[in-house]
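Chemist: The structure under discussion is supplied below as structure tokens; questions concerning it will follow.
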Amino acid sequence: MQTIQEITLELWDNLNCARSAACGILLYYGFEQECNTLSKALIPFGGGIGERSICGSVTGALSALSVVYTKKGYKEDKIAEIAKSFKEKFSQEFKTLYCREILEEFTLLDGSIDANNPERKEKCTKTVLHAVTVAKTLIDSIK
């Protein structure tokens, strides 16, 4: 069986950060149909909704967490609590939830991101992998 990170990295070759994180989580836990639906909904959410706002890895992982916990019968208030915990754990690693801050070192003079810089891709890969790892830890703690 593949790890959640291996599944996610395969997706990351062709999908944006939000879609990779969401589907990495959902496929790992056997929610293929939900992945197909959510992946389409998350097309515009990569790169902080294309505006370097909240990191797409966060958006995707939170979306998948919501699906998994809803399927497990959790109510909205508990899912919101879990989402808060996810955001805190993600922020511990990157010191922020914002794409613009995570990728600040790759910002060009015109304000855009140097998308072709391999170090930028590596940093985004780290956000995607960290997001799915944190999500897995939370999901695996379900009683």
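Chemist: Note down the net charge around VAL132, summing +1 for each Lys or Arg and -1 for each Asp or Glu among other residues with Cβ under 14 Å from its Cβ. Don't jump to the answer; show the numbers that get you there.
Modeler: Numbers: positive: ARG19, LYS89, LYS126, LYS136; negative: GLU6, GLU10, GLU93, ASP140.
It works out to a net charge of 0.
Chemist: Take the chain, connect every pair of alpha-carbon atoms lying under 10 Å apart with a spring to form a Gaussian network, then pick out the residue of SER39, SER91, SER20 with the largest mean-square fluctuation.
Modeler: Largest GNM mean-square fluctuation: SER91.
Chemist: Now a separate question. Please report PHE106, PHE86, PHE45 as a ranked list, fewest other C-beta atoms within 10 angstrom at the top and most at the bottom. Walk me through the intermediate numbers first.
Modeler: On the way: PHE106 17, PHE86 20, PHE45 24.
With the sparsest Cβ surroundings first, the list reads PHE106, PHE86, PHE45.
Chemist: Related question: For LYS40, give me every one of the aspartates and glutamates with a C-alpha distance below 15 angstrom, ignoring sequence neighbours fewer than eight places off in its own chain.
Modeler: GLU32
Chemist: Averaging sequence separations of C-alpha pairs under 8 Å and six or more residues apart, then dividing by the length of segment 72-143, give the relative contact order as a whole percent. Don't jump to the answer; show the numbers that get you there.
Modeler: Values: 26 pairs, mean separation 20.6, N = 72.
Worked out over segment 72-143, it gives 29 percent.
Chemist: Please identify, among ASN16, ASN117, ASN36, the residue showing maximal mean-square fluctuation in a Gaussian network model of the chain using a 10 angstrom Cα cutoff.
Modeler: Its mean-square fluctuation being the largest, the pick is ASN117.
Chemist: Give the order of SER53, SER112 when sorted by the count of other beta carbons within 10 angstrom, beginning with the fewest.
Modeler: Working: SER53 15, SER112 10.
Least to most surrounded, the residues fall as SER112, SER53.
Chemist: Over 29 Å between Cα atoms: which of LYS71/LYS121; LYS71/LYS95; LYS84/LYS126; LYS78/LYS123; LYS89/LYS121 fall into that group? Walk me through the intermediate numbers first.
Modeler: On the way: LYS71/LYS121 33 Å; LYS71/LYS95 31 Å; LYS84/LYS126 20 Å; LYS78/LYS123 31 Å; LYS89/LYS121 22 Å.
With Cα atoms farther than 29 Å apart: LYS71/LYS121; LYS71/LYS95; LYS78/LYS123.
Chemist: Mind sorting out which of (i) 12, 43, 39, 6; (ii) 13, 46, 32, 8, 1; (iii) 12, 41, 34, 12, 2 is the real P(r) over Cα pairs in 10 Å bins from 0, in percent computed from the coordinates?
Modeler: Recomputing P(r) over Cα pairs in 10 Å bins from 0, in percent here gives the entry labelled (ii).
Chemist: Nearest 500 deg cm²/dmol is fine: what mean residue ellipticity at 222 nm does the chain get from its DSSP H runs of n ≥ 4 alone, each adding -39,500 (n - 2.57), divided by its residue count?
Modeler: Values: 7 runs with 93 residues, N = 143.
Helix contribution divided over all residues of the chain: -20500 deg cm²/dmol.
Chemist: Taking Cα pairs under 8 Å and at least six residues apart, what relative contact order does the chain come out at, in percent?
Modeler: Value for the chain: 29 percent.
Chemist: Taking the Cα centre of segment 37-108 as the origin, how large is its charge dipole in debye, to the nearest 20, when only Lys and Arg (+1) and Asp and Glu (-1) carry charge on their Cβ atoms? Working shown, then result.
Modeler: Working: 11 positive and 9 negative charges, 74 e Å.
Once rounded to the nearest 20, the dipole reads 360 debye.
Chemist: How do GLU105, GLU10 line up, fewest other C-beta atoms within 10 Å first? Intermediate results must be reported in sequence, preceding the final value.
Modeler: On the way: GLU105 10, GLU10 15.
Exposure proxy ranking, most exposed first: GLU105, GLU10.
Chemist: Using alpha carbons only, how many angstrom separate the centre of segment 67-108 from the centre of segment 1-55?
Modeler: Using only Cα atoms to place each centre, the spacing works out to 14 Å.
Here, each number is a calculation from the coordinates, and none is a lab measurement. Just so it is clear, the structure is predicted and the values come from calculations on it, not from any experiment. Because the Cβ atoms are built from the backbone with ideal geometry, glycine has one as well, and the counts that use them run over all protein chains shown.
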